[in-house]
Amino acid sequence: MGGRIMTLHQLRVFVAVAEREHLTQAAAALHAAPSAVSASIAALETEYGLSLFDRAGRGLRLTPHGTVMLEEARGVLTRADAARARLATLRAGSGTGEASP
């Protein structure tokens, strides 16, 4: 492993590419440059030393490793979104941003 820390942003980019099977379409959906999306995917693949996509012409298909990554990425993003929502609710309820003991 490369020693970098995977970010939620990288996971969101990965999921967008995996769902669309096309880098340019994912970039458009993310309001990002295709080169930035490509770099994010390359960083994940380098970090784990695995190909997450098979490149076929202009399209992309998940490899078996990519399929596992997609399942895990969706789970992580769901949990992160739930944590964000829960903390926002706590902040709104207490008026201070701190949870009560």
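Against the condition exposed (fewer than 12 other Cβ atoms within 10 Å of the Cβ) and either more than 15 Å from the chain's Cα centre (by Cα) or assigned to a helix (DSSP H, G or I) (or both), how does residue 26 come out, does it pass?
Details: exposed (fewer than 12 other Cβ atoms within 10 Å of the Cβ): no; either more than 15 Å from the chain's Cα centre (by Cα) or assigned to a helix (DSSP H, G or I) (or both): yes.
Considered against the rule, which asks whether it is exposed (fewer than 12 other Cβ atoms within 10 Å of the Cβ) and either more than 15 Å from the chain's Cα centre (by Cα) or assigned to a helix (DSSP H, G or I) (or both), residue 26 comes out as no.
Consider only pairs whose beta carbons are under 8 Å apart and that are at least six residues apart or on different chains; among these, list those whose first residue lies in region 7-36 and is in contact (Cβ under 8 Å) with a residue 24 or more places away in the chain and whose second residue is assigned to a helix (DSSP H, G or I) and polar (S, T, N, Q).
Partner pairs satisfying both residue conditions: 9/40; 10/40; 13/40; 14/40; 23/38.
Consider region 47-61. How many of its residues are more than 15 Å from residue 10 (Cα to Cα) and touching a residue at least 24 places away in the same chain (Cβ under 8 Å)?
Here the count works out to 5.
All but one of (1) touching a Gly at 6+ places or on another chain (Cβ under 7 Å); (2) among the β-branched types (Val, Ile, Thr); (3) not in a helix (DSSP H, G or I) hold for residue 46; state the number of the condition that does not hold.
Residue 46 satisfies every listed condition except (3).
So, in region 6-20, exactly how many residues are closer than 13 Å to residue 71 by Cβ and either buried (at least 18 other Cβ atoms within 10 Å of the Cβ) or of a type in the set (A, V, I, L, M) (or both)?
Number satisfying all stated conditions: 4.
If I filter region 61-79 down to residues being of a type in the set (A, V, I, L, M, F, W, C) and under 11 Å from the mean Cα position of the chain (by Cα), which single residue comes out as nearest to residue 24 (Cα to Cα)? Write out each step before concluding.
Step one: filter region 61-79 for residues of a type in the set (A, V, I, L, M, F, W, C), giving 62, 68-70, 73, 76-77.
Add one more test, that the residue is under 11 Å from the mean Cα position of the chain (by Cα), and what stays is 69-70, 73, 76-77.
Working: 69: 20, 70: 19, 73: 20, 76: 24, 77: 22 Å.
Only one residue tops the list, namely 70.
Read-outs: derived from the displayed coordinates by stated rules, not from any lab. Nothing here was measured: the structure is a model prediction, and the numbers come from that model. Heads up, the Cβs are rebuilt from the backbone with ideal geometry, glycines too, and the neighbour counts pull from every protein chain shown.
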